[in-house]
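Everything on this sheet refers to the single structure shown next.
The values are calculated or read from the model by the stated rules, or taken from the named source; none is laboratory data. Model, not experiment: these values are computed from the prediction. Don't worry about glycine lacking a Cβ; one is built from the backbone with ideal geometry, like all the others, and counts go over all protein chains shown. These area figures cover heavy atoms from the full protein model, side chains too; ligands, DNA and RNA do not enter into them. Shrake-Rupley method; radii C 1.70, N 1.55, O 1.52, S 1.80 Å.
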Amino acid sequence: AFVCFWLAIKSKEHAVLLPAVFFLYEWTLGERRWKPLVPFFAASVGIGVQGLLSNRAAGTDYQLHFGPLSVARTLWAYLPHWWFAVPPLLVWWRRIPKAAWWGMAWFALLLGPMLALPGRVNPVYLYVPLLGLALAVGSSVQPKWGAALLVLWLAGNFLWMRSLRRTELTQADNNRAYFEQLAQVGPPLAEPDLYIYDGNPEGLDWWGVAGAIRLITG
């Protein structure tokens with residue numbers, strides 16, 4: 001478990017608060033075994049302090065901003081991607097079990113670091129916090145209503161996918177054409193040490209261009 005946690009914390013910033021999720025599990029649902037949590041907290045505190053001390057030198061995307069206005073803007077940017085879990089929790093508020101409270105705390109804790117990173121706002125980063133929110137909803141809602149919510153959720157995702165599909169496929173076609181034209185340049189691309197490019201498809205950022213050059217030049 002610690003090896004998996006170490007890999008997680010080295011790949012995504014918000015995993016730094018995962019030990020707090022473990023702590024709350026032992027407090028609410030577990031057997032209150034605290035000693036196994038020590039190495040997790042030690043690693044989390046060490047990397048967390050290191051990140052805070054070196055944050056001033058970080059790039060614009062990784063600089064932490066704890067101001068109320070900045071956090072409010074980031075929260076507002078993420079809100080459309082998880083508000084759907086709020087209505088069922090409000091309906092069954094008086095019946096919420098301990099597991100649901102733990103799931104909501106999980107969501108809040110792992111969402112917290114992301115709110116201080118306005119330069120890294122991306123809904124894809126919600127995949128870990130939403131695990132806790134899904135657990136909260138799933139443990140609160142009665143099975144018959146849970147099945148209905150699941151059907152509505154899948155239908156909503158399908159409709160949303162249809163609205164995004166045309167844009168994504170168009171960008172993919174443009175990226176493929178760009179890469180194929182770049183590949184036709186051939187061996188001379190492997191000679192320079194510095195590359196300057198002007199113009200790229202809308203869905204291809206600078207790191208996509210750099211990756212294409214690395215693939216073509218070996």
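What number of residues in segment 1-55 are among the charged types (D, E, K, R), in a helix (DSSP H, G or I) and either modelled with pLDDT under 90 or touching a strand residue (DSSP E or B) at 6+ places or on another chain (Cβ under 7 Å) (or both)? The total comes to 2. Right, PRO88: part of a helix (DSSP H, G or I) and closer than 24 Å to SER139 by Cβ or not? Criteria met by PRO88. Would you confirm whether any residue within segment 99-111 is over 24 Å from GLY30 (Cβ atoms), of a type outside the set (D, E, K, R) and assigned to a helix (DSSP H, G or I)? No: segment 99-111 contains no residue that is over 24 Å from GLY30 (Cβ atoms), of a type outside the set (D, E, K, R) and assigned to a helix (DSSP H, G or I).
The single condition among (1) open to solvent by 80 Å² or more (accessible area, probe 1.4 Å); (2) under 20 Å from the mean Cα position of the chain (by Cα) that MET114 does not satisfy is (1). Take the conditions (1) at pLDDT below 85; (2) in contact with an Asp or Glu (Cβ under 7 Å, 6 or more places away or on another chain); GLY218 misses just one of them, which is (2). The number of residues in segment 193-213 being over 27 Å from the mean Cα position of the chain (by Cα) and either among the small types (Gly, Ala, Ser) or open to solvent by 60 Å² or more (accessible area, probe 1.4 Å) (or both) comes to 7.
Within segment 14-36, being among the charged types (D, E, K, R) and open to solvent by less than 100 Å² (accessible area, probe 1.4 Å) holds for one residue alone: GLU26.
Looking at TYR178, TYR125, just one residue is open to solvent by less than 100 Å² (accessible area, probe 1.4 Å), among the aromatic types (Phe, Trp, Tyr) and farther than 28 Å from PHE66 by Cβ, and that residue is TYR178. With respect to (1) free of Cβ contacts under 8 Å to residues at least 60 places away in the same chain; (2) farther than 23 Å from ARG120 by Cα, the lone exception for PHE5 is condition (2). For first residues located in segment 71-99 and more than 25 Å from ASP61 (Cβ to Cβ) and hydroxyl-bearing (Ser, Thr, Tyr), partners that are open to solvent by 80 Å² or more (accessible area, probe 1.4 Å) and not in a helix (DSSP H, G or I) and lie 6+ apart or on another chain with Cβ distances below 6 Å do not occur. Taking the criterion of being open to solvent by less than 100 Å² (accessible area, probe 1.4 Å) and either of a type outside the set (Ser, Thr, Tyr) or outside any helix (DSSP H, G or I) (or both), the residues of segment 144-165 that qualify are GLY146, ALA147, ALA148, LEU149, LEU150, VAL151, LEU154, ALA155, GLY156, ASN157, MET161, LEU164. Kindly evaluate VAL86 against the criterion of being within 13 Å of the chain's Cα centre (by Cα) and either open to solvent by 40 Å² or more (accessible area, probe 1.4 Å) or of a type in the set (A, V, I, L, M, F, W, C) (or both). The answer is no for VAL86. Within segment 122-137, the residues that satisfy the criterion of being touching a residue at least 12 places away in the same chain (Cβ under 8 Å) and part of a helix (DSSP H, G or I) are PRO123, TYR125, LEU126, PRO129, LEU130, LEU131, GLY132, LEU133, ALA134, LEU135, ALA136, VAL137. Whenever a residue of segment 144-162 is under 18 Å from VAL86 (Cβ atoms) and of a type outside the set (A, V, I, L, M, F, W, C), its partners that are open to solvent by less than 100 Å² (accessible area, probe 1.4 Å) and in a helix (DSSP H, G or I), lying with C-beta atoms within less than 7 angstrom and at least six residues away or across chains, give the pairs GLY146/GLY138.
Here the condition is being among the aliphatic types (A, V, I, L, M), under 20 Å from GLY132 (Cβ atoms) and surrounded by 11 or more Cβ atoms within 10 Å (Cβ to Cβ); of ALA99, ALA1, ALA58, ALA72, it holds for ALA99 alone.
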